[in-house]
Every structure is written in structure tokens, then in C-alpha cells.
Amino acid sequence: MRDPYEVLGVPRSADENTIKKAYRKLAKQHHPDANKNDPRSKERFAELNSAYEIVGDKDKRRQFDAGEIDADGKPRFTGFEGFGGASGAGGGFRHAGGRATDDILHDIFGDAFNSFASGGARGARGGRRGGGFSGFEGFSGAGAAGPGAGASGSTKGADVMVTARVRLEDIVGSGKVRVTLPNGKSLDAKIPAGFEPGQQLRLKGQGGEGTPPGDAIAILVYETHALFRPDGYNLRLDLPVTLDEAVLGGKVRVPTLEGAVDMTIPAGVTGSKAFRLRGKGLPDKKGVRGDIFVTPRIVLPDGADAGLEKLMERWREVRPYDVRGPEFSS
């Protein structure tokens with residue numbers, strides 16, 4: 001993967017908040033759901049999440065900046081201890097004195113090192129001299145395992161990326177989100193406290209097959225709600241009201257995530273001001289709930305109404321008023 005700072009478009013000196021803002025902006029821009037006609041959107045989205053997993057995590061960012069892990073989060077090989085780690089012209093590592101590591105090991109172990117370095121072939125042919133050293137202990141003259149292989153040749157399964165949609169009702173209710181994996185399996189996972197869209201949820205052992213299996217990384221986003229629009233930890237709601245309710249005021253039923261409540265609207269509402277239902281929004285990391293901001297939207301009756309039309313004609317004559325400023329007439 002490319003340098004995670006380059007992927008997110010932030011300098012290495014960027015603070016945590018700057019990195020988070022950059023990630024959210026790009027994740028929204030490149031989310032596959034918003035780019036259904038772009039086959040590369042999934043690839044870019046996955047790259048963004050991998051980059052944020054490195055520099056968005058305090059410990060992993062420190063390890064990456066120190067050169068301990070690469071852009072994929074894998075440990076870097078820095079050479080044999082005491083040999084300086086600098087690559088020699090012959091492909092080996094150079095000691096501080098300038099000699100290649102494999103030259104030094106040859107001096108120490110003789111032909112046994114040549115046998116091990118060539119995959120144990122000489123040891124298998126009985127190339128041992130005079131009953132001497134027969135290879136590194138534990139390898140029994142066999143070649144070294146390939147990259148990513150353990151003592152038994154096992155390989156860790158690949159991590160997989162999925163998108164999980166969080167229902168607003170579940171944030172204040174069950175506290176669970178249903179995650180569907182690429183293999184069709186579904187499971188319920190705990191919604192993190194103070195959940196924010198774009199947040200990652202790692203599900204250990206739910207990724208690709210392997211030993212051990214990989215992980216599933218769920219990108220959490222809001223499920224679109226028919227009524228509410230999240231605004232941080234607050235919710236916004238457009239409330240339809242009749243003309244007489246707007247003029248005369250009264251009590252109206254207002255929905256919340258936990259059932260409807262009564263709210264009194266004053267006479268003469270215009271829709272220019274939102275009313276607050278305290279503590280009915282979404283919980284932050286400490287469990288403190290935001291509010292619901294209710295904006296009245298006046299709805300006229302369907303069809304023509306002769307009586308209403310006559311009333312409005314008379315109103316226009318005796319009580320004309322302007323609701324649009326000069327900026328609308330230029």
C-alpha cells in the first residue's frame with residue numbers, strides 16, 4: 001500500500017483531529033454506495049480504511065513513524081542484531097566494519113552456513129564434514145520457510161472489509177448492529193460508545209480462511225432514517241403542521257427514537273425556528289444524549305378550498321406583509 005499519509009492527503013505532522021477529518025471527508029467522497037458506477041471505488045475506499053487503520057491508531061502510527069511496521073501494518077525486518085542493518089552490495093547485510101553478514105556467518109559456521117543458505121540441499125546430500133555442525137538447530141538441514149509461513153507452514157487468513165448500516169433506534173435500544181460478511185454469514189456486533197459514521201469495528205477471526213483466520217473490518221455508517229437526520233449527537237426532524245396549528249398553536253405528537261411524545265407549539269409558528277426536545281438524541285462516548293431539533297413545516301390541505309381562498313384574498317387586502325428581503329428582488 002502507498003504511504004498512509006499520502007493516501008489521506010495529510011502531512012506527517014498532522015494531529016489526530018486533522019487526520020480524522022481528512023479520513024471522513026474522503027470516505028464519504030469515495031464510499032462505494034455513492035460511486036456505484038465506478039468499479040474502482042471499492043479499491044480506493046479499502047485503501048483509505050487501511051491507511052486510517054495505521055495513522056488513526058496512536059500505537060500503530062508511532063510504530064509506522066519509527067519504521068517498525070510498514071504501510072500494511074506488517075513488521076519490518078531490520079537486519080541481524082549488531083550488524084547495522086545496512087544492505088551490502090552483494091545483497092547481504094553489512095556489519096559496522098563493512099563485512100557482509102553472510103561472510104561473517106561463513107567464518108563462524110563454515111560450510112554448514114552454505115548448506116543452510118542454499119535451502120539445506122548440501123546437508124540433505126550428506127555434505128557434513130567430519131561430523132561437524134549439521135545446520136541450525138530446529139531446521140534439521142531443511143530450507144527456511146517462505147514469507148508469512150510459521151513453523152508448520154501455516155498462513156494467516158486475509159482481512160476483509162464490509163460496510164455495516166447502523167439503525168438509529170438500535171443505538172439507543174439494543175446497542176447491536178447486524179454485520180453481514182462476504183461469505184453470507186451474519187452476526188450481531190456491539191455498537192461502539194459514541195459511534196460516529198466511518199468508524200471501524202474489527203471482528204476477530206471473521207475474515208478469510210487461514211491459520212489463524214483473518215479479521216473482518218466493518219465500516220459503520222448510519223442507516224437512512226425516514227424521519228430523522230443525524231447532526232453530530234443531535235437529530236433533526238421536519239414536523240408537518242396544519243395551517244390552523246401554525247396560526248393558533250397547540251399540542252402535537254412528535255416522534256422520537258423511543259416513541260412519540262407531546263410537544264406544545266406556540267401560536268404563530270413560521271418554520272423559521274426549530275424547537276428542542278432535550279435528551280432525545282444520540283448518546284456520546286459518556287452516554288450523554290443529544291437533543292432533537294423539531295422544525296415545523298406548514299402543510300396546506302389537499303385540493304382547492306373556496307373558503308380558504310376567500311379568507312386569504314381578504315387577508316391580502318387588509319394585512320399584506322413581505323417575508324422576502326431586498327436580496328430576493330435583485
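Throughout, read-outs are computed from the coordinates displayed, never taken from laboratory work. Please read these numbers as outputs of a predicted model, since none were measured by experiment. Note that we place each Cβ from the backbone using ideal geometry, even for glycine, and neighbour counts take in every protein chain shown.
Quick notes on this structure:
- Cα-based convex hull, region 179-330, per residue volume (Å³, whole number): 202 Å³
- Pairs exceeding a 22 Å alpha-carbon distance, out of Lys185/Lys285; Lys20/Lys60; Lys20/Lys273; Lys21/Lys285: Lys185/Lys285; Lys20/Lys273.
- Residue-by-residue Karplus 3J(HN,Hα) for region 197-214, coefficients 6.51, -1.76, 1.60, Hz, glycine and proline x: x, x, 5, 9, 10, 8, 10, 4, x, 9, x, x, 5, x, 10, x, x, x
- Spatially proximal aspartates and glutamates relative to Lys204 (Cα-Cα < 12 Å; intrachain offsets below 8 disregarded): Asp159, Asp215
- Cα gyration tensor category, rounded, prolate or oblate, for region 228-318 with a/c compared to 1.5: prolate
- From phi via Karplus (6.51, -1.76, 1.60), per-residue ³J(HN,Hα) for region 43-57 in Hz, x at Gly/Pro: 5, 5, 5, 5, 5, 4, 5, 5, 5, 5, 5, 7, 7, x, 9
- On the beta carbon distance between Asp3 and Ala260, with R0 = 51 Å, the FRET formula returns roughly 0.50.
- For the pair region 177-226 and region 1-79, the centres of their Cα atoms are 18 angstrom apart.
- Using R0 = 41 Å, the C-beta based FRET efficiency linking Arg202 and Arg278 works out to 0.75.
- Of Leu239, Leu227, Leu8, Leu300, the sequence from fewest to most neighbouring Cβ atoms within 10 angstrom is Leu300, Leu227, Leu239, Leu8.
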